[in-house]
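Input: a single structure, listed below in structure tokens.
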Amino acid sequence: MTEDLFRHLRAHTSVSDNDDTNLLKDYVNFVDEVTSDQSKYFEDMFAALQILQEQGVEVSRLLTAGIGMSGEIGEFNEIIKKCVFQGKEMDEDKIIHLRKELGDIMWYVAQACLALNTNIEEIIDINTAKLSDRYPGGFDTFRSENRKEGDI
């Protein structure tokens, strides 16, 4: 993998074989410089988590939801990838598998709702209002790419 990285960098930059070690060290130093203290040090991360908890967020559930959704969405996408890009058939077994993964995703959505003291109905209402405001006449590519200030 490292050799592939160096090969790619040499092909797309002015990096030579002799610069490989320095490039990697420089990049690691750069990454460290642009990383927050909360990402680097447990004590700082713990303090940030305590602040969130004090603000009414159920941090354990929030982390469970965020990390869990990421994993389950990856599994969901893996099935789609195999059908779209690798020629696998979207047969009944894959549809059932997708539905099961979607159920797992929903479990984590419910965890997020518990973490944020809300419910799925409120989230649906918020999302419907946001998208109705963004696309009053239905989907529009221009509005999708040029959102109003504050439209997240």
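The values are calculated or read from the model by the stated rules, or taken from the named source; none is laboratory data. Note that this is a predicted model, so its numbers are computed, not measured. For neighbour counting, all protein chains shown are included, and Cβ atoms are generated from backbone atoms with ideal geometry for every residue, glycine included.
Among the listed residues Asp125, Asp140, Asp151, identify the single one that is surrounded by fewer than 13 Cβ atoms within 10 Å (Cβ to Cβ), touching an Asp or Glu at 6+ places or on another chain (Cβ under 8 Å) and outside the structural domain of Ala65 (by TED's automatic domain parsing). So that I can check it myself, show each step before the final result.
Working: Asp125 fails: touching an Asp or Glu at 6+ places or on another chain (Cβ under 8 Å); Asp140 fails: touching an Asp or Glu at 6+ places or on another chain (Cβ under 8 Å).
Result: Asp151 is the single residue among Asp125, Asp140, Asp151 that is surrounded by fewer than 13 Cβ atoms within 10 Å (Cβ to Cβ), touching an Asp or Glu at 6+ places or on another chain (Cβ under 8 Å) and outside the structural domain of Ala65 (by TED's automatic domain parsing).
When you scan the range 49-61, do you find a residue that is within 18 Å of the chain's Cα centre (by Cα), surrounded by 14 or more Cβ atoms within 10 Å (Cβ to Cβ) and outside any loop (DSSP other than H, G, I, E, B), even just one?
Checked against the condition, which is being within 18 Å of the chain's Cα centre (by Cα), surrounded by 14 or more Cβ atoms within 10 Å (Cβ to Cβ) and outside any loop (DSSP other than H, G, I, E, B), the range 49-61 yields at least one hit.
Please determine whether any residue of the range 97-113 is basic (Lys, Arg), at pLDDT 95 or above and either farther than 27 Å from Leu62 by Cα or in contact with an Asp or Glu (Cβ under 7 Å, 6 or more places away or on another chain) (or both). Walk me through how you get there before you give the answer.
Initially, the range 97-113 is screened for residues basic (Lys, Arg), giving 99-100.
After this cut, where a residue has to be at pLDDT 95 or above as well, the list is 99-100.
Imposing the further condition that a residue be either farther than 27 Å from Leu62 by Cα or in contact with an Asp or Glu (Cβ under 7 Å, 6 or more places away or on another chain) (or both) reduces the set to none.
No, because not a single residue in the range 97-113 is basic (Lys, Arg), at pLDDT 95 or above and either farther than 27 Å from Leu62 by Cα or in contact with an Asp or Glu (Cβ under 7 Å, 6 or more places away or on another chain) (or both).
Which residues, taken from the range 41-87, are of a type in the set (Asp, Glu) and within 30 Å of Lys100 (Cβ to Cβ)?
Residues of the range 41-87 of a type in the set (Asp, Glu): 43-44, 54, 58, 72, 75, 78.
Across the range 41-87, the qualifying residues are Glu58, Glu72, Glu75, Glu78.
Do we have Glu75 as of a type in the set (Asp, Glu) and either surrounded by 12 or more Cβ atoms within 10 Å (Cβ to Cβ) or in a loop (DSSP other than H, G, I, E, B) (or both) here? Let's see the steps before the verdict.
On the way: of a type in the set (Asp, Glu): yes; either surrounded by 12 or more Cβ atoms within 10 Å (Cβ to Cβ) or in a loop (DSSP other than H, G, I, E, B) (or both): yes.
Against the criterion (of a type in the set (Asp, Glu) and either surrounded by 12 or more Cβ atoms within 10 Å (Cβ to Cβ) or in a loop (DSSP other than H, G, I, E, B) (or both)), Glu75 qualifies.
Identify, by number, the condition in (1) more than 20 Å from Thr118 (Cβ to Cβ); (2) not in a helix (DSSP H, G or I) that Lys94 doesn't meet.
(2)
Conditions tested, residue by residue: (1) of a type in the set (Ser, Thr, Tyr); (2) touching a residue at least 60 places away in the same chain (Cβ under 8 Å); (3) touching a helix residue (DSSP H, G or I) at 6+ places or on another chain (Cβ under 7 Å).
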| site | (1), (2), (3) |
| --- | --- |
| Thr128 | yes, no, no |
| Arg134 | no, no, yes |
| Gly138 | no, no, no |
| Phe142 | no, no, no |
